[in-house]
Structures are given as C-alpha cells and as structure tokens.
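Peer 1: Before anything else, here's the structure in question.
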Amino acid sequence: MPLFVMIAKDKPGTGAQRTATRPVHLEHLTAMGQKLVLAGALMGEDGNPEGSLLVLEADSLEAARATLLADPFIAEGIFGSVEVKPWRVAINHSGREF
C-alpha cells in the first residue's frame, strides 16, 4: 500500500493551544490504527514542538488527505502550513515491509 507523509508547521504562539488539544489529536492518531506508520512532533532548537510529521498508508493521495486533514490540530487552527505528499521509503531499518 502506498505511503503518504504530512508535514505541518505550527503557527507562532499556539503552544498552549497545542498542549490543550493534544489529547484529542492523539485520539485521532490512535483511530488510524496500523495504517499510521509513524507520527511525532517536529521539535525546535528550544526543545518545544513546532509542528508534526505523520506517515500513513492509504490507497490514494485523496484518501490520505481525507484522513490526515481531519486532524484536530487543523480544526483548531494550530497548524500554519500543511503539506500531504506521496512518500517513498529509501532505507528501512524498522523491519516492517512496505
């Protein structure tokens, strides 16, 4: 199944809002099940989150966008920019086959 990546950057000044919304965001990620390959915060040099990176298995770019763009961080206006793109694995040390 094809892989897709979401790269999202937070709007400046949304740290407290991100923290408050995080439980609902994590519920959304958990609901994706095994199709969600990787997910985590992009960290700034100061050690604070400044965005998110997610890798999802989906049948198509449209299906990936529908799932990834339903993220509560988007609905709450935390992300200032969001990209969803097809992604190809070049090196895989995880042991998982794609």
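Peer 1: Identify the GluC sites (Glu not before Pro) of the chain meeting these criteria: DSSP loop state and at most 12 other C-beta atoms within 10 Å of the C-beta. Can you show the working numbers first?
Peer 2: Numbers: sites: GLU27, GLU45, GLU50, GLU57, GLU62, GLU76, GLU83, GLU97; in loops: GLU45, GLU76, GLU97.
Those that pass, being in a loop and sparsely packed, are GLU45, GLU97.
Peer 1: Could I ask something else about it? So, with +1 on the Cβ of K and R and -1 on the Cβ of D and E, and no other charges, what is the size of the charge dipole of the chain about its Cα centre, to the nearest 20 debye? Walk me through the numbers on the way to the answer.
Peer 2: Details: 9 positive and 12 negative charges, 16 e Å.
Using Cβ point charges on Lys, Arg, Asp and Glu, the chain gives about 80 debye.
Peer 1: Based solely on its DSSP helices, what 222 nm [θ] is calculated for the chain when runs of n ≥ 4 H residues each add -39,500 (n - 2.57) and the sum is averaged over all residues, nearest 500 deg cm²/dmol? Walk me through the numbers before you get to the answer.
Peer 2: On the way: 3 runs with 29 residues, N = 98.
Calculated mean residue ellipticity at 222 nm is -8500 deg cm²/dmol.
Peer 1: What are the residues whose amide H is under 5 Å from the amide H of GLY51, where those residues sit 5 or more places off or on another chain and H is modelled from the backbone?
Peer 2: Under 5 Å from the amide H of GLY51: ASP10, LEU42.
Peer 1: Okay, moving on. Give me the lysines in straight-line cross-link reach of LYS35: C-alpha distance below 20 Å, same-chain residues under 8 apart excluded.
Peer 2: Once the sequence-local lysines are set aside, what remains near LYS35 is LYS85.
Peer 1: Using C-alpha positions alone, give me the convex hull volume of the chain per residue in cubic angstrom.
Peer 2: Values: hull volume 10.4 nm³, N = 98.
It comes to 106 Å³ per residue, whole-number rounded.
Peer 1: Within a 10 angstrom radius of the beta carbon, how do MET32, MET1 rank from fewest other beta carbons to most? It would help to have the intermediate numbers written out before the result.
Peer 2: On the way: MET32 17, MET1 9.
Taking fewest neighbouring Cβ atoms as first place, the list is MET1, MET32.
Where a number appears in this text, it was derived from the coordinates with a stated rule and is not lab data. No experiment lies behind these values; they were computed from the predicted model shown. Positions of Cβ are generated from backbone atoms using ideal geometry, with glycine treated the same way; all protein chains shown enter the neighbour counts.
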